[in-house]
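The values are calculated or read from the model by the stated rules, or taken from the named source; none is laboratory data. Keep in mind that this is a model prediction, so the values were computed, not measured. When we count neighbours, we look across all protein chains shown, and the Cβ atoms used for this are built from the backbone with ideal geometry, even at glycine. For the accessible areas, the whole protein counts, side chains as well, though only heavy atoms, and no ligand, DNA or RNA atoms are used. Shrake-Rupley method; radii C 1.70, N 1.55, O 1.52, S 1.80 Å.
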Amino acid sequence: MRNIRRVRKNILELTLDRLQKLYTGGQVSPGRLVRLAVKPRWITLIGSNNECGIAANFSGIPGSKGDRAENIRFLNLVGKSLFDIADTGIRSSNLQERSLGIVALNALSQRFLISSSIRERGFLAQCWIAGDKLVHRYPTVSRLITKNDVVAIVGYGNEVRSLRGRCHELHVTDIRPLETFETVIFDKTIKYGPQAVRVHSGGENERVLNTADVVFIAASTLVNGSFETLFQWTRKARLVGL
């Protein structure tokens, strides 16, 4: 009798499976690639059903304006199904192809992430505090975080400013040098910022995430393949967001 070894699917493959079920169950047609834009830090696309997706680009611009041979493979993606692009990209070891796969996943997800769609699936999604920027940008997060929480964020971004002062402790880890985020403030004394935020190196991820009540992980970790490892260190957290 032959031994059959089951290979556990990763988070991207599971997400693709879930999207396929949502599209099939909702009798919705997925779009095809209409336009792809590649920038040094980001890749974005537009689909034929007004889908829009974005993901981090770790590989830079694919080729110069005159490098037709390098760019023609991207041009050949126009007209292809977003599901096909996602399926091929997320299984690739090439970072740029992986980015393309996640851009397609992101675009395919959009119709299920709008407030009306989320409410139809039984989740609360509305802004209830007029003028509160955090509530309008992150309505679910603003309701779930308390003043007693230790919050950890992987990847320094805009949400750091929004969450500062709303929890007991706010920790941020980042692979960039810590000096990148430091500000020296001169008024009556000399102060060092960012204030109310503790910034750590990427090497401290395990220690920081293991002690957090709430964890937010940058979506770019899906591209560079570090998400699964980071997620393992969040077992004690009651909420993990991407």
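Please state the shape class of the stretch 168-242: rounded when a/c is under 1.5, otherwise prolate if a/b exceeds b/c and oblate if not, all from the C-alpha gyration tensor. Please list the in-between numbers first.
Numbers: a/c = 2.89, a/b = 1.84, b/c = 1.57.
It is prolate, given that a/c is not under 1.5 and a/b is the larger ratio.
Given a 1.4 Å probe and every protein chain left where it sits, what share in percent of the accessible area of the stretch 82-121 is carbon and sulfur?
On the way: 850 of 1830 Å².
C and S fraction of accessible area: 46 percent.
Run through the stretch 139-184 and list the trypsin sites (Lys or Arg not before Pro) located in a DSSP loop whose Cβ has at most 16 other Cβ atoms within 10 Å.
Details: sites: 143, 147, 161, 164, 166; in loops: 147, 164, 166.
Sparse-neighbourhood loop trypsin sites (Lys or Arg not before Pro): 147, 164, 166.
Of the listed pairs 39/236; 147/191; 9/236, which have alpha-carbon separations greater than 29 Å here? It would help to have the intermediate numbers written out before the result.
Values: 39/236 37 Å; 147/191 24 Å; 9/236 23 Å.
Violating the 29 Å Cα-Cα cut-off are 39/236.
Provide the FRET efficiency to the nearest 0.05 for the residue 146-residue 50 pair, computing r from the beta carbons and using R0 = 41 Å.
Values: r = 37 Å, r/R0 = 0.91.
In this case the efficiency is close to 0.65.
Convex hull over the Cα atoms of the stretch 193-234, averaged projected area in nm²? Don't skip to the answer; put the middle values down first.
Numbers: hull surface 13.6 nm².
Mean projected area for the stretch 193-234: 3.4 nm², to one decimal.
List the trypsin sites (Lys or Arg not before Pro) within the stretch 186-238 that fall in a DSSP loop (any state other than H, G, I, E or B) and whose Cβ has at most 16 other Cβ atoms within 10 Å. Could you put the intermediate results ahead of the total?
On the way: sites: 188, 191, 198, 207, 235, 236, 238; in loops: 188, 235, 236, 238.
The qualifying sites are 188, 235, 236, 238.
Counting only C-alpha contacts under 8 Å and six or more residues apart, can you give the relative contact order of the stretch 138-242 as a whole percent?
Numbers: 167 pairs, mean separation 28.6, N = 105.
Over the stretch 138-242, the number comes to 27 percent.
May I ask you to derive the FRET efficiency for residue 117 and residue 158 from their Cβ-Cβ distance with R0 = 35 Å, giving the value to the nearest 0.05?
Working: r = 24 Å, r/R0 = 0.69.
Approximately 0.90, to the nearest 0.05.
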